[in-house]
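Student: Here you go, one structure.
The values are calculated or read from the model by the stated rules, or taken from the named source; none is laboratory data. Since we're looking at a predicted model, the values are computed, not measured. Quick reminder, even Gly has a Cβ in these numbers, built from the backbone with ideal geometry, and neighbours come from all protein chains shown. The accessibility values were calculated without ligands, DNA or RNA, using every heavy atom of the protein model including side chains. Shrake-Rupley method; radii C 1.70, N 1.55, O 1.52, S 1.80 Å.
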Amino acid sequence: MDIQPPLLRITSNRQIVVISAIITSISVAAPVGSIAIALAFMPGLPPQAYWGVLALATIIPLVIAPPIAAGALSILRLLTITIDHLDNCVRYDPLTTVLSRVYLLGQVRQQLAGGGSFLMIDADHFKSVNDTFGHDVGDEALKCLAQVLKTALPTDALVGRLGGEEFGVFLPRVADYDAGSVADGLCEAMRHSGRVIAGHRIDLTISIGVAGHRSERTLEQTMKLADKALYHAKRTGRDRYHIHDEDDLVRGSEIIPRAAVHQAREAAVFFADASRRQFRKVI
């Protein structure tokens with residue numbers, strides 16, 4: 001919701017000139033027209049007096065209105081520029097120009113009812129980039145990562161910086177396994193774009209955790225699941241993504257994929273059957 005009404009948004013000097021001219025015209029026309037009508041009911045008035053009064057009614061607002069209008073409109077222009085600057089500071093991360101954390105989460109909450117998937121993205125070995133090449137190159141690396149996210153993601157994706165080298169992405173109405181394909185494309189795009197940054201061979205890669213949002217969860221719970229999936233991607237080698245599955249077992253910080261769960265169940269059933277057969281033979 002805009003803080004400043006559209007009619008009060010003055011963004012250029014041209015607007016000031018045009019609106020000042022309109023205000024001056026109204027300021028002159030209103031008293032001149034009123035006085036002319038009043039003088040029309042005075043038939044005995046000499047022509048010199050008639051035109052003298054109209055000239056005075058024209059000159060006074062013509063002298064006063066333009067500077068007052070221009071001054072007020074200049075203040076409105078300065079107010080508009082200040083509001084826009086503050087709005088940009090609230091909405092966008094100043095370094096990477098993606099959405100800020102607060103604004104990203106606010107926008108995601110507005111679309112949660114339609115479902116979707118949250119991606120937690122982290123630059124791999126980013127501390128070593130800062131330590132080896134300096135923080136200025138680290139900043140360029142973050143800009144590169146943000147640019148990859150903005151260009152490689154669908155147009156309706158919400159992209160924001162959560163803090164440090166961690167970014168968040170929400171894909172509206174996209175199931176978690178479809179989001180996995182998007183995450184795979186991001187990893188590939190980052191491998192290509194992160195090879196050389198600011199003239200240095202960095203080979204920057206990313207790890208991604210994916211979690212599909214469910215209606216019974218809060219946004220914070222979905223983000224926590226995506227963060228656990230991200231940690232799993234980090235543990236298993238980085239430069240990859242991991243999808244948190246509804247059937248995943250969580251033990252501490254370790255996530256056991258659903259396939260492993262099924263394999264364990266099948267093995268348990270097999271050994272149970274084998275034990276029963278062996279027992280029958282003994283009997």
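Student: Whether any residue in region 239-246 is modelled with pLDDT under 95, of a type outside the set (Phe, Trp, Tyr) and open to solvent by 70 Å² or more (accessible area, probe 1.4 Å) is what I want to check.
Tutor: yes
Student: Every residue in region 206-228 that is open to solvent by 10 Å² or more (accessible area, probe 1.4 Å) and among the hydrophobic types (A, V, I, L, M, F, W, C), please.
Tutor: Just the residues of region 206-228 that are open to solvent by 10 Å² or more (accessible area, probe 1.4 Å), to begin with: 213-218, 220-221, 223-225, 227-228.
Passing the criteria: MET223, LEU225.
Student: Also, I was wondering about something else. Please enumerate the residues belonging to region 30-47 that are part of a helix (DSSP H, G or I), of a type in the set (A, V, I, L, M) and either over 22 Å from PRO67 (Cα atoms) or open to solvent by 60 Å² or more (accessible area, probe 1.4 Å) (or both). Step through it out loud before you land on a result.
Tutor: Just the residues of region 30-47 that are part of a helix (DSSP H, G or I), to begin with: 30-40, 47.
With the extra rule that they be of a type in the set (A, V, I, L, M), the set shrinks to 30, 32, 35-40.
Passing the criteria: ILE35, ALA36, ILE37, ALA38, LEU39, ALA40.
Student: Taking the options THR82, THR24, name whichever one is surrounded by 12 or more Cβ atoms within 10 Å (Cβ to Cβ), polar (S, T, N, Q) and in a helix (DSSP H, G or I).
Tutor: Among THR82, THR24, only THR24 is surrounded by 12 or more Cβ atoms within 10 Å (Cβ to Cβ), polar (S, T, N, Q) and in a helix (DSSP H, G or I).
Student: Look at GLY212 and say whether it is within 25 Å of GLY237 (Cβ to Cβ) and touching an Asp or Glu at 6+ places or on another chain (Cβ under 6 Å).
Tutor: Details: within 25 Å of GLY237 (Cβ to Cβ): yes; touching an Asp or Glu at 6+ places or on another chain (Cβ under 6 Å): yes.
So GLY212 fits the description; yes.
Student: When you scan region 92-157 for helices (runs of 4 or more DSSP H) that lie fully inside it, which ones turn up with 2 or more residues that are modelled with pLDDT of 95 or more and within 23 Å of THR222 (Cβ to Cβ)?
Tutor: Working: elements: 101-111, 126-133, 135-152.
Because the criterion is at least 2 residues that are modelled with pLDDT of 95 or more and within 23 Å of THR222 (Cβ to Cβ), the helices (runs of 4 or more DSSP H) in region 92-157 that meet it are 101-111, 135-152.
Student: Take the residues of region 48-68 that are open to solvent by 50 Å² or more (accessible area, probe 1.4 Å) and not aliphatic (A, V, I, L, M): which is nearest to the chain's Cα centre (by Cα)? Full working, then the answer.
Tutor: Within region 48-68, the subset open to solvent by 50 Å² or more (accessible area, probe 1.4 Å) is 48, 50-51, 53, 56, 59-60, 62-64, 67-68.
The next check asks that each one be not aliphatic (A, V, I, L, M); those that pass are 48, 50-51, 67.
Values: GLN48: 67, TYR50: 64, TRP51: 62, PRO67: 41 Å.
Looking at the filtered set, the residue picked out is PRO67.
Student: I want to confirm something. Restricting to region 69-79 and keeping residues that are open to solvent by less than 50 Å² (accessible area, probe 1.4 Å) and in contact (Cβ under 8 Å) with a residue 12 or more places away in the chain, which single residue is farthest from ILE19 (Cα to Cα)? Walk me through how you get there before you give the answer.
Tutor: Here is the first cut: in region 69-79, the ones open to solvent by less than 50 Å² (accessible area, probe 1.4 Å) are 69-71, 73, 76.
Among the residues that remain, those that are also in contact (Cβ under 8 Å) with a residue 12 or more places away in the chain are: 69-70, 73, 76.
Working: ALA69: 8, ALA70: 8, LEU73: 8, LEU76: 12 Å.
So the residue we want is LEU76.
Student: Something else about it: In region 162-205, which residues are of a type outside the set (Asp, Glu), under 19 Å from ASP245 (Cα atoms), open to solvent by 60 Å² or more (accessible area, probe 1.4 Å) and without any contact (Cβ under 8 Å) to a residue 60 or more places away in the chain? I'd like the intermediate steps shown before the answer.
Tutor: The initial filter retains those residues of region 162-205 that are of a type outside the set (Asp, Glu), namely 162-164, 167-175, 177, 179-183, 185-187, 189-202, 204-205.
Applying the additional criterion that residues be under 19 Å from ASP245 (Cα atoms) yields 168-175, 177, 179-183.
Applying the additional criterion that residues be open to solvent by 60 Å² or more (accessible area, probe 1.4 Å) yields 173, 177, 181.
Once the filter is applied, which keeps residues that are of a type outside the set (Asp, Glu), under 19 Å from ASP245 (Cα atoms), open to solvent by 60 Å² or more (accessible area, probe 1.4 Å) and without any contact (Cβ under 8 Å) to a residue 60 or more places away in the chain, region 162-205 yields ARG173, SER181.
Student: Do you know which residues across region 101-131 are buried (at least 20 other Cβ atoms within 10 Å of the Cβ) and within 30 Å of ARG201 (Cα to Cα)?
Tutor: Looking only at region 101-131, we keep the residues that are buried (at least 20 other Cβ atoms within 10 Å of the Cβ), and these are 104, 108, 116-124, 129.
Residues satisfying the conditions are LEU119, MET120, ILE121, ASP122, ALA123, ASP124, VAL129.
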